[in-house]
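In what follows, a single structure is set out as structure tokens and then discussed.
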Amino acid sequence: MASKYTKSAQYKVCQLRLEGCLPGTETVVAAHLSGGGMGTKQSDIHIMYACMNCHDIYDGRKSVSPPYLREWLDNEALRAVICTQKIMIKEGVLKL
């Protein structure tokens, strides 16, 4: 079952913004930070709004040339999580 955090991605703009980022909101989902292993995920509060293209790159389903360094990609994902959390706080989805 989807949480209020993952549901909040609907109609949002991608916050990951990698090469080939898709404009609009149609393909944006709540993408989780890497959990440290295949098939593991972080908590739903550790999500970023990511379009299909950026989500595929982050999860390794799509490659770019030259390839991104994993460390750089993880830093960009953390930036995107912070941006996403700011949006969720502003909209009252995430409360401090």
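No lab work stands behind these numbers, since they all come straight from the coordinates. Source: prediction; values computed, not measured.
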Which lysines have a Cα lying under 18 Å from the Cα of Lys95, excluding residues fewer than 8 positions away in the same chain? Lys4, Lys7, Lys86
Once every DSSP H run of n ≥ 4 in the chain is given -39500 (n - 2.57) and the sum is divided by its residues, what mean residue ellipticity at 222 nm do you get, rounded to the nearest 500 deg cm²/dmol? -10500 deg cm²/dmol
Heads up, region 1-52 by the C-alpha gyration tensor (a ≥ b ≥ c square roots of eigenvalues; a/c under 1.5 rounded, else a/b over b/c prolate, else oblate) looks oblate
Starting from the exponent 0.38 and prefactor 2.2 Å, build the expected Rg for region 4-90 from its residue count and divide its actual Cα Rg by it. 1.00
When we measure straight from the Cα of Lys41, which aspartates and glutamates land under 13 angstrom away, once same-chain ones fewer than 8 places off are left out? Asp59
Over region 4-90, what relative contact order in percent results from Cα pairs under 8 Å that are six or more residues apart? 32
Between region 1-23 and region 28-96, how many Å separate their Cα centres? 9
